[in-house]
Amino acid sequence: MRRPLLITALCLSALPIVPAGAANACGPSTAFENEDVKIWFQGFKGHFKIDNKTNGLSYDVQTDSISERVGDGTVATMDLGHAFPKQTDTCTVEEADGVVTVTFSVTADVKRAGVADAGGGANVLGAATATYIVHFDTADNGSKFDLLVDEWPWQATDSVLAFNVDLTAGEGTTVEAAENGVGFRNADGEAIGSFTWDAAFTARNDDGSEQEGTVESATTIEGANADVDLSFTNVPAGYDELFYDPWMGAGAYLVVGPLLINDGPLIDLLNLLP
């Protein structure tokens, strides 16, 4: 599993992760848990719940939208908040080398921003597909999800795509922002979890070539909620597929300068101290 710089994964014990309710392994009840933590799909869409059984952490990761922007303006948007898989039998669950991988896709309309639907889909520009590939890695103590966006109906040649995520923590949780993530502290002030992202993404062209772009972030915090906006820049518009892999996790972290360093790298740094 690829491991981004300064970003680790969900801090799990060495116990095996097993699906809760294997008969419905690809539906709204899909869940993976051990004695310390439970991760499950809220409504079987891009909405994940993380419950830590040992330190009081509970938070939701809601993938809200994909948008196309030109400068400071939005020209098109795809709502992910209410996008469900068309058929749950297209979802797959695979396990290999201690990693459980759940893959499912949602296809939704991309609509012209700021234009009301007068009926008949007049403001629909086309459809795009968002694929979620969720990894639960027992050997690496990690969990992340890959986001793939395919067949975006580009509206401009000088535009960029953006990904919006809403984070909602449990009552009594303090939320703090860093350049590369959002951290959560419990009522005792303990650093107990984080949602983090890499500084780069991959754009794949229809001829098979790839380009690496830069991710710019903006986070707004209100109480125990955080709105995270990630813009995918420095790659020309028109590419065929966007690939990106944020991480969602529970465990200790530090904010060092502008960066949030969480569980694995934090332990590595502490081991270097005399």
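A few points about this structure:
- Single residue of segment 225-245 satisfying the filter (within 24 Å of Lys49 (Cβ to Cβ) and not small (Gly, Ala, Ser)) that is farthest from the chain's Cα centre (by Cα): Asn225
- When we screen Ser217, Ser194 for residues that are surrounded by fewer than 21 Cβ atoms within 10 Å (Cβ to Cβ) and assigned to a strand (DSSP E or B), the only hit is Ser217.
- Ile50 at pLDDT 85 or above, β-branched (Val, Ile, Thr) and assigned to a strand (DSSP E or B): no
- Across segment 97-112, the number of residues qualifying as in contact with a Lys or Arg (Cβ under 9 Å, 6 or more places away or on another chain) and touching a residue at least 60 places away in the same chain (Cβ under 8 Å) comes to 2.
- Among the residues listed as Ala203, Ala156, Ala199, Ala169, the single one being under 14 Å from the mean Cα position of the chain (by Cα) and within 30 Å of Asp109 (Cα to Cα): Ala199
- Only one of the numbered conditions (1) closer than 19 Å to Glu179 by Cα; (2) at pLDDT 85 or above; (3) not hydrophobic (A, V, I, L, M, F, W, C) is not met by Asp206, and that is (1).
- Strands (runs of 3 or more DSSP E) completely within segment 54-99 that count 3 or more residues being at pLDDT 90 or above: 58-70, 73-79
- Scanning segment 201-222 for residues that are among the small types (Gly, Ala, Ser) and without any contact (Cβ under 8 Å) to a residue 24 or more places away in the chain returns Gly208, Ser209, Gly213, Ala218.
- A search for C-beta distances below 7 Å between a residue of segment 172-190 that is touching a residue at least 12 places away in the same chain (Cβ under 8 Å) and any residue that is in a loop (DSSP other than H, G, I, E, B) and crowded, with 20+ Cβ neighbours inside 10 Å, counting only pairs 6+ apart in sequence or on different chains, returns Asn180/Trp197; Gly181/Trp197; Phe184/Leu57; Phe184/Thr173; Arg185/Thr173; Asn186/Leu57; Asn186/Thr173.
- For segment 114-132, taking the residues that are among the aliphatic types (A, V, I, L, M) and modelled with pLDDT of 90 or more, the one that is surrounded by the fewest Cβ atoms within 10 Å (Cβ to Cβ) is identified as Ala127.
- Only residues that are surrounded by fewer than 18 Cβ atoms within 10 Å (Cβ to Cβ), touching a strand residue (DSSP E or B) at 6+ places or on another chain (Cβ under 8 Å) and more than 26 Å from Thr101 (Cβ to Cβ) were counted across segment 237-253, and they come to 1.
- When residues of segment 158-178 are limited to those that are at pLDDT 95 or above and not in a strand (DSSP E or B), the one surrounded by the fewest Cβ atoms within 10 Å (Cβ to Cβ): Asp158
- The residues in segment 229-238 that are in contact with a Gly (Cβ under 9 Å, 6 or more places away or on another chain), under 17 Å from Leu148 (Cβ atoms) and not aliphatic (A, V, I, L, M) can be counted, and the count is 1.
- Neighbours by Cβ (under 6 Å, 6+ apart or cross-chain): first from segment 140-154, small (Gly, Ala, Ser); second modelled with pLDDT under 95: Gly142/Ala9; Gly142/Leu10; Ser143/Ala9; Ser143/Leu10; Ser143/Phe136
The values are calculated or read from the model by the stated rules, or taken from the named source; none is laboratory data. Here the structure is a predicted model, which means the values were calculated and not measured. Positions of Cβ are generated from backbone atoms using ideal geometry, with glycine treated the same way; all protein chains shown enter the neighbour counts.
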